[in-house]
Amino acid sequence: MFRQTKKTVSARPTPNPDLQIPVQHLASMKAKMELHYYSQRNQSHRAALAAAFLLLFPLFFPNLFHPLGRASPSLFSEWISPKPMHSILLNSALHRITTLEDKGKIWSPLPNQGWKPCVKPTREELAPRKSQGYIQVFLDGGLNQQKMGICDAVAVARILNATLVIPHFEVNAVWKDSSSFAEIFDVDHFIDVLSDDISIVKELPIEYSWSTREYYATGIRNTRIKTAPTHASASWYLENVLPALQSYGIAAIAPFSHRLSFSDLPIEIQHLRCKVNFKALTFVRGIIELGETIVNRLRYPYNGNEIEGTENLPQDEKRKLEGGKFVALHLRFDKDMAAHSACEFGGGKAEKLALAKYRRVIWQGRVPNSQFTDEELRYQGRCPLTPEEIGLLLAALGFDNSTRVYLAIHEVYGGEERISTLRNLFPLLEDKKGLTSSVERAGIAGKASLSAAVDYYVSMHSDIFISASPGNMHNALVGHRTYLNMKTIRPNMVLLGQLFLNRSMEWAEFYQGVVDGHKNRQGQIRIRKEKQSIYTYPAPDCMCLHHST
């Protein structure tokens, strides 16, 4: 018989009520785990996308990362704010007390120096004769370089007895400005004032309409003269340009900037240059009106209204009744100038590297100043004054913090942060944008030469003019204001460079050095020497002594 065995069945363990998890909670935990998984995956995706974006962003917006803009720094490569370079002097200047004596000296107008404007009339025997042909010139550079080129073009046309075509302005390589002669200067006035000296036409007759900038850009042309040396003599033009005029009836000279000598020219030609510069070249109505608006708002800062009853008075008489005075400061501190100087300006390593890269790209590194150290350049006075340094100079000269300063600028390298120290010293710092609306500036928007023309007009109507560095604008205004006996301060760059090298100098020593070094640099007549520019030194060619006839 088989023995019947009892099958034992293992009993199911009894759940511990303390460890038991409700079904709903298990589902919630599962959902959270899935959410965490997807969240982690999304974060990884976002990180990958962000990394890709950072890698690709410079490709889509290269200008933000490459400091190649000719006027201002890039957004990311030079983002470190420049630090004050002269903290001891700056702190003292901010707490300075300007005496009434100092203010009286600096604001006093120039005394009569015995010279007066003198543009002699054209002698009858020098009146235009039958024209030899048409002269075209193509002018590059900024406003004031073009202005000098126009004066020289009139002189060359007179030397050759040719008819001048209103000069063509090249597109400005720095500011990409395509402003024309007629947009800046009053063409009809120009032609009328010079009608006794040369023949001028607004455009070529139809038979010469082929003679254009584009025509000369596409090949070698017999009518183009491109070998004019810098400061060429009158005889060079007679020997090299006159034959082309006689053969073809037209000659186009390009390049033409600085292509006429200041020496060994007939006195009548020098007088003619003066006549063009100071009489024939006047701005168009739009520039004059905007400039006058700015001048009025600088002189009447509270309401912009003129004194009642002075509307019809001459400008000189108005000024006697007006209390508001202002200084015009030409602050050329764009990236071109900063880089080309090869100096350092307080922006640290980032700025130094960015300017070095800019020099390599724009000039292939061929910048003469690069062979010197910053200290050597400053000792020689070859570094442009920064906004901080020009502010310290103005403070030492006797201008207090109530001085209204008009800033004649296009752009400043480093922007508002660079200007901030100057603004701290002179809170009443103004420029076109702050004094006019965008509607009022619409006519000059995007036009650097028109903007410069407005600055020129305002600077010519200021009580005192000063420039932070030498250049064409500085030279043109120094010459024009000398011609009219107006106070103009010329910074002593060598002295200032050496003073600023001493970083431990106290205010009293700096103040005395500045005052002593600028006593004879405030508009005193300087007689032009041989080879010097007639446009910077108008005496004696454009001026006469009072006892002269």
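The values are calculated or read from the model by the stated rules, or taken from the named source; none is laboratory data. As the structure is a prediction and not an experimental result, all values here were calculated from the model. Positions of Cβ are generated from backbone atoms using ideal geometry, with glycine treated the same way; all protein chains shown enter the neighbour counts. Accessible surface areas use protein heavy atoms only, side chains included; no ligands, DNA or RNA. Shrake-Rupley method; radii C 1.70, N 1.55, O 1.52, S 1.80 Å.
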Open item on the list: Please give the Cα centre distance for segment 210-283 versus segment 186-206, rounded to the nearest Å.
Closed with: 16 Å
Task: Nearest-0.05 FRET efficiency for Lys202 and Ser81, computed from C-beta distance (R0 56 Å) - done: 0.65
TODO: State in Å² the accessible area per residue of segment 176-243; use a 1.4 Å probe, count heavy atoms of protein chains only, and round to the nearest integer.
DONE: 57 Å²
Task: 10 Å-binned pair-distance histogram of segment 408-457 (Cα, whole percent) - done: 22, 51, 26, 1
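Just the number please: accessible area per residue for segment 401-484, 1.4 Å probe, all protein chains included, in Å². Please list the in-between numbers first.
On the way: 2820 Å² over 84 residues.
On a per-residue basis, 34 Å².
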Open item on the list: Which residues does the label zone of Gln371 cover in segment 322-357, counting backbone N under 18 Å from a point 7 Å along Cα→Cβ?
Closed with: 340-343
TODO: Can you tell me the order of 150-161, 105-116 when each peptide is scored by its average per-residue count of other Cβ atoms within 10 angstrom, highest first?
DONE: 150-161, 105-116
TODO: Could you pull out every residue, at least 5 positions away or on a different chain, whose amide H is within less than 5 Å of the one on Met543? Hs are placed 1.01 Å off N in the peptide plane, and Pro or chain starts have none.
DONE: Cys118
Open item on the list: Can you work out the Karplus-derived ³J(HN,Hα) for every residue in segment 191-207? Use 6.51 cos²θ - 1.76 cosθ + 1.60 with θ = phi - 60°, whole Hz, and x for glycine or proline.
Closed with: 5, 5, 4, 9, 4, 7, 10, 8, 8, 10, 10, 6, 8, 6, x, 4, 5
Open item on the list: Please list, by residue number, everything in segment 376-398 whose backbone N is under 14 Å from a paramagnetic label point 7 Å out along Cα→Cβ of Ser420.
Closed with: 388
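Quickly rank 457-464, 267-274 as a protection proxy: mean count of other C-beta atoms within 10 Å, highest first.
Values: 457-464: 22.1, 267-274: 19.8.
My ranking of the peptides, most packed first, is 457-464, 267-274.
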Open item on the list: Which one, Phe278, Ala153, Asn240, projects farthest toward the positive side of the charge dipole computed for segment 134-280 from Cβ point charges (K/R +1, D/E -1)?
Closed with: Asn240
Open item on the list: Taking the Cα of Ile288, stepping 7 Å toward and past its beta carbon, and measuring to each backbone N in segment 454-469: which are under 16 Å?
Closed with: 454-461
Open item on the list: Once you place label points 7 Å from the Cα toward the Cβ at Gln532 and Ser108, how far apart are they in nm?
Closed with: 2.5 nm
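State the percentage of accessible surface on segment 502-549 attributable to carbon and sulfur atoms; use a 1.4 Å probe and exclude ligands, DNA and RNA. Spell out each step's value before the answer.
Numbers: 1400 of 2750 Å².
Summing carbon and sulfur atoms, their accessible area is 51 percent of the total for segment 502-549.
Considering only protein heavy atoms and a 1.4 Å probe, what is the carbon-and-sulfur percentage of the accessible area of segment 79-237? Don't skip to the answer; put the middle values down first.
Details: 4500 of 8320 Å².
In segment 79-237, the share of accessible area belonging to carbon and sulfur is 54 percent.
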Open item on the list: Restricting to DSSP loop positions (anything but H, G, I, E, B) with no more than 12 other Cβ atoms inside 10 Å of their own Cβ, which trypsin sites (Lys or Arg not before Pro) remain in segment 496-549?
Closed with: Arg503, Lys519, Lys529, Lys531
Task: Radius of gyration and Dmax over the Cα atoms of segment 469-517, both given in Å - done: 13.8, 41
Open item on the list: Between segment 428-459 and segment 346-361, how far is it from one alpha carbon centroid to the other, in angstrom?
Closed with: 30 Å
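Once the mean 1/r over all distinct Cα pairs of segment 134-280 is inverted, what Kirkwood radius in angstroms do you read off?
On the way: mean 1/r = 0.0649 Å⁻¹.
After inverting the mean inverse Cα-Cα distance, the result is 15.4 Å.
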